1. Let me confirm something: among Pro18, Pro11, which residue is in a loop (DSSP other than H, G, I, E, B), farther than 19 Å from Val68 by Cβ and either in contact (Cβ under 8 Å) with a residue 40 or more places away in the chain or not β-branched (Val, Ile, Thr) (or both)?
2. Could you grab me the full set of residues in the range 52-89 that are in contact with a helix residue (DSSP H, G or I) (Cβ under 9 Å, 6 or more places away or on another chain), loosely packed, with under 11 Cβ neighbours inside 10 Å, free of Cβ contacts under 8 Å to residues at least 12 places away in the same chain and farther than 21 Å from Ala16 by Cα?
3. Test Lys40 against the stated conditions and say whether it is without any contact (Cβ under 8 Å) to a residue 60 or more places away in the chain, surrounded by fewer than 14 Cβ atoms within 10 Å (Cβ to Cβ) and either among the β-branched types (Val, Ile, Thr) or assigned to a helix (DSSP H, G or I) (or both).
Amino acid sequence: MAKGKQIKALPTPDLAQPLSLKLIGDAIRARRTQQRLDRKTAAMLCDVSVVTLGKIENASAGVRMESVLKVMAALGIKMKIDPWENSDA
């Protein structure tokens, strides 16, 4: 059995920084590599194209939010919106 290319696990980025396309992309790439998934396999598992996954990981503009959320869910990444006080009440 031929041995495939080894995937080097990347460290988890600082998740305390403000949310940005770069942070989301870095977090997705880190999670994918920590799970030892190459981009092609991860794209298949996430039900997105390899090109779309690459755009997400590289923080390219114009990627559909639905695709980002699909990838995050498939890789077990949760995004949280904290409640805020309603100043209109």
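1. Working: Pro18 fails: farther than 19 Å from Val68 by Cβ.
Just one listed residue meets the conditions, Pro11.
2. As a first pass, look at the range 52-89 and keep what is in contact with a helix residue (DSSP H, G or I) (Cβ under 9 Å, 6 or more places away or on another chain): 52-64, 67-68, 70-79.
Then keep just the ones that are loosely packed, with under 11 Cβ neighbours inside 10 Å; that gives 61-62, 76, 78.
Still in the running and free of Cβ contacts under 8 Å to residues at least 12 places away in the same chain: 62, 78.
Answer for the range 52-89, where residues must be in contact with a helix residue (DSSP H, G or I) (Cβ under 9 Å, 6 or more places away or on another chain), loosely packed, with under 11 Cβ neighbours inside 10 Å, free of Cβ contacts under 8 Å to residues at least 12 places away in the same chain and farther than 21 Å from Ala16 by Cα: just Gly62.
3. Details: without any contact (Cβ under 8 Å) to a residue 60 or more places away in the chain: yes; surrounded by fewer than 14 Cβ atoms within 10 Å (Cβ to Cβ): yes; either among the β-branched types (Val, Ile, Thr) or assigned to a helix (DSSP H, G or I) (or both): yes.
So Lys40 passes the test.
Here, each number is a calculation from the coordinates, and none is a lab measurement. Keep in mind the model is a prediction, meaning the values are calculated, not measured. Glycine gets a Cβ as well: all are built from the backbone with ideal geometry, and neighbour counts include every protein chain shown.
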